Amino acid sequence: PASTVPQAPEDPLFGLMAAYKRDTSEKKVDLGIGAYRDDNAKPWVLPVVKKADDILRNDPNLNHEYLPIAGLPEFTSASQKLIFGSDSQAIKDGRVASIQAISGTGSLHLGALFLRKFYNPANPPSIYLSNPTWANHHQIFTNVSLQLAHYPYFSPQTRGLDFTGMLAAISAAPTGSIILLHACAHNPTGVDPTQAQWTQIADVMEQKGLFPFFDNAYQGFASGDLDRDAWAIRHFVARGFELLVAQSYAKNFGLYGERAGCFHYVAPATASAADASRVASQLAILQRSEISNPPAYGARIASTVLNNGALFAEWKENLTTMSGRLIGMRAELRGLLEKKGTPGTWNHVTDQIGMFSFTGLSEKQVGLLREKWHVYMTKNGRASVAGLNSRNVEYVAEAIDDVVRS
Ligand code: PMP
């Protein structure tokens, strides 16, 4: 009955977007939403995606039948290779069970549901999230009644990784706890562990018997190199961990609204293909009751590119275009702030990677940026670097300089 349903608060990020849309100032700048924009502040359809789209549209055999419950087979197999590497021993052993899901969010949800149902359901372990993390993680896991716990991640002093705090919290987690890890380009901080630090994280998790769940939403966006961005996941898999991966194609293909993604279960090195196959059978049952069949078009586009050598090479160039522009904007913003002598240090703007910069600006400064300068970012001081371009970066630097001094 309607009278018992309380009004829910607006999603903060989408609320910010609406406020930006309402703002009539010509100077307004959107550093809120985590979606790539080109130098004209416009969404960018990757040229390789346009090509794949043309190929699909001209295919006389294309129809709108249901996909299989587990999704488009050539999409899920190419997704495995992309994340685990084409020579992955786990794939060769048949230890990977993959199922197409509703982008990253749906993959996380399916993983959450699977864990809740099959991972010690009478006494479920907690899931440890980084502090801070992508806000939606909290809801996705509490929706399935998993207990949340947190590990420190960001040091406000260095505006880099709080590695000591992170490792200490993970070491103290009860055996069997699930640890959610951002595979690369951590949202919201833009700060990733180094490869040496990942190795130490894996050491502790191995010693303590902890369960990794990787959120992989930005492969190709961190370094611009798909293999390098998959390093942490491949390291854990090579060490024989049993783990989960939620893989999104929203950012790296610009397929935000198409909801193309894939969820993977990797059985431990000591297990066999039969173990992965039992998991796959249960995932299919969950999928059937949740969405029945995954959406086709985005998966077809990604699959067309991933399975064609020439298009794959072109995709990598498109990725470099995006990551290169973001790196360039970081350098420009930092340079402008340092030239102005804006109080504080600004090296974190270029040290951080991926789509976001955790600027270190306070909630008050963020409010002032919005009211006085029409520059929009989330309250926690996260700026989407993709919102910067050659026409507004000087204005944004001027605005930041002003609010930092006031
Ligand atoms: N995880 C993280 C860390 C993200 O930043 C995002 C996108 N904002 C996602 C998952 C999921 O995005 P999508 O469902 O659009 O693939």
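List of remarks:
- Using the average count of surrounding beta-carbon atoms within 10 Å as a protection proxy, the listed peptides 188-197, 377-386, 203-212 rank, highest first, as 377-386, 188-197, 203-212.
- Residue-span extension gain [E26 to N123] - 0.36 nm each, minus C-alpha spacing: 29.4 nm
- Within the listed set T158, T133, T76, the residue fluctuating most in the Gaussian network model of the chain (springs between alpha-carbon atoms under 10 angstrom) is T158.
- Expected 222 nm ellipticity per residue - DSSP helices of 4 or more, -39500 (n - 2.57), all of the chain, to 500: -14000 deg cm²/dmol
- In summary, the lysines within cross-link reach of K208, defined as a Cα separation below 24 angstrom excluding same-chain residues under 8 places away, comprise K117.
- On a per residue basis, the convex hull of the C-alpha atoms belonging to region 1-138 measures out at 278 Å³.
- Dipole check for region 73-307: with +1 at the C-beta of Lys and Arg, -1 at the C-beta of Asp and Glu, and the Cα centre as origin, the magnitude is about 360 Debye.
- Contact order relative to length of region 124-215, as percent, for alpha carbon pairs under 8 angstrom and 6 or more apart: 31 percent
- Per-residue Cβ neighbour rank within 10 angstrom, fewest leading, F154, F118: F118, F154
- Region 73-307 - share of DSSP beta bridges that are antiparallel (%, nearest 5): 50 percent
- Partners of K372 within straight-line reach, counting aspartates and glutamates whose Cα lies under 19 Å from its Cα and excluding those fewer than 8 residues away in the same chain: D23, E26, D30, E363, E394, E398, D401, D402.
- Net lengthening on full extension, E74/T199 (0.36 nm per residue, minus Cα-Cα): 41.8 nm
- As a proxy for reagent exposure, V29, V49 were ordered by neighbouring Cβ count within 10 angstrom, fewest first; the result is V49, V29.
- Over the Cα atoms of region 73-307, the radius of gyration divided by the Kirkwood radius equals 0.93; this is the Rg/Rh ratio.
- Inter-probe distance in nm under a simple model that places probes 7 Å from Cα toward Cβ, at D225 and D54: 3.2 nm
- Over 28 Å (Cα to Cα) - which of K27/K379; K21/K379; K27/K316; K42/K379; K28/K251; K81/K251 fall in this group: K27/K316
- Mean Kyte hydropathy of -0.5 or more with a Cα span along the axis of at least 24 Å, helices from DSSP in the chain: 273-290, 309-340
- Counting charges near K364 (Lys, Arg +1; Asp, Glu -1) among other residues having Cβ under 15 Å from its Cβ returns a value of +1.
- Considering only Q200, A397, L72, the residue lying farthest towards the positive end of the dipole of the chain is A397, judged by Cα position with unit charges set on Cβ.
Read the figures in this text as sums done on the coordinates, not as results from a lab. Treat the numbers as computed from the prediction; the structure is a model and nothing was measured. FYI the Cβ positions are ideal-geometry reconstructions off the backbone, even for glycines, and counts take in every protein chain you see.
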